[in-house]
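These notes are about the structure you will find just below.
The values are calculated or read from the model by the stated rules, or taken from the named source; none is laboratory data. Quick caveat, the model's predicted, so the values are computed rather than measured. Using ideal geometry, Cβ is built from the backbone for each residue, glycine included, and neighbour counts are taken over all protein chains shown. Protein only, heavy atoms only, side chains kept; ligands, DNA and RNA dropped before computing areas. Shrake-Rupley method; radii C 1.70, N 1.55, O 1.52, S 1.80 Å.
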Amino acid sequence: HRRGEAFLTTRVTRLIVGVVVAVLTLVPVIGESVPVTQDGPSHVYNAATAVAARAGASPYAELFVARDDVRPNVASHAILSALGPRLGWSAAERCVLVLALLGGLAAAMLLARANVLAVTLAGWLASNWFVWMGFYDFALSIPFFFVLVWLLSVSITARVRLALQIVLALLYVTHLFTFAVGVALVTLVVAMSAMARERIDARELLPAVPGVLVLLLELATGVGGGAAPAWTTGVWARLSAFATSDFLVTVLWLDSAAGVALLLALVGVLIGAFAAWRSNRFTAPAMSPLILFGATMLVLSLVAPDAIGEGGYVPARMRLLGAAALVPAVGHMGG
């Protein structure tokens, strides 16, 4: 009876915290007369222009051709183009923000499991810096990446393999960078899972094959516009951004406090994982693939270029995705 009561209390507490965090997350969206993001207006303008060109309206039809092919980074454009003429462009933009925020929160809570602290931090992960910069496609890709991490944290069955391909396809149309990181994560997990067995079955590597082939095709066709990587920030600026988890919202001092708290939680996970790894005599399969991947992303973010081709803020993107890979381990801390 006591165990059931404790479980119920934990579920109720987690639900209450989740609802409160969700409401607070949506306040900036529904509390303003128009959505306030940096690049959001450009997405709305492009969608409105495409709708007008497709409808044959002048002068748009004479100047532009609306593309309808499947390609990366088109999720927000598709949503805005579908909802804008029906709901109004401001309402359509709010829908994009709500999908990114609530989708990210729900998926992060799925990873956080029963730990209330992790659920609270999930609110900052969902309401990340990229949402309010108006990087809508990358923001929409984050919930799918969280789901990808969750799928890789459970036993990989035939259904999970199918689900992985569906999620990777959704990552492809939302954002190419997140798709590439997702392909790398899937490849690492299935490879380490195969290595952990005495006899490696090549069929275990199949979940990574479609994504790798698509990524190679994108690279072969000149993804990124052919521009060279660029480093624009110094060492101290990178360390400061890393220490405060710069991918979180940074409007108030509370955001920086949450960033430091999240970083400490991630460091705690990595220290515990390293200690367990040492006790296993540094056997590679003994290290969780998700923890290894998250740690690698965080470390590489300190030396990665600030921009690759047309994409910027690469280190912050890497830190956000690396933190996402570590969320399941954070969810086990203290609970």
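List of remarks:
- Close amide H partners of Leu248, meaning residues 5 or more places away or on another chain with modelled amide H under 5 Å apart, are Trp129.
- Segment Ala228-Ala275, extension gain: residue separation times 0.36 nm, minus the distance between their alpha carbons: 13.0 nm
- Phi to ³J(HN,Hα) by Karplus 6.51 cos²θ - 1.76 cosθ + 1.60 over the range 46-58, Hz, x for Gly, Pro: 4, 5, 5, 5, 5, 4, 5, 5, 5, 7, x, 6, 8
- Average accessible surface area per residue within the chain, 1.4 Å rolling probe, Å²: 51 Å²
- Against the chain, whose longest principal axis is taken from its Cα atoms, helix 116-126 shows a tilt of about 30°.
- Placing unit charges on each Cβ (+1 for Lys and Arg, -1 for Asp and Glu) gives the chain a dipole about its Cα centre, and among Ala139, Val181, Val96 the Cα reaching farthest toward its positive end belongs to Val181.
- Spin-label model, Leu206/Val19: points 7 Å from Cα along the beta carbon direction are separated by 4.5 nm.
- Rounded tilt (10° steps) of 253-279 against the dominant C-alpha axis of the chain: 40 degrees
- Chain lengthening between Phe64 and Val299 when straightened (0.36 nm per residue, less Cα-Cα): 80.3 nm
- Extension gain (nm, one decimal) between Thr120 and Ser33, 0.36 nm per residue minus Cα-Cα: 28.6 nm
- Point-charge dipole on Cβ atoms (K/R +1, D/E -1) for the chain, about Cα centre, debye to 20: 1140 debye
- GluC sites (Glu not before Pro) within the range 5-93: DSSP coil, no more than 12 neighbouring Cβ in 10 Å: Glu32
- 0 to 90° range, to nearest 10: angle between helix 136-152 axis and the chain longest Cα axis: 30 degrees
- As a fraction of the 1.4 Å probe accessible area of the chain, surface on carbon and sulfur atoms comes out at 69 percent.
- Candidates per trypsin sites (Lys or Arg not before Pro) in the range 31-124, loop by DSSP, up to 12 other Cβ within 10 Å: Arg67
- In the chain, excluding the sites themselves, the longest stretch lacking any of the chymotrypsin sites (Phe, Trp or Tyr not before Pro) that are in a DSSP loop with at most 14 other Cβ atoms within 10 Å is 65-230.
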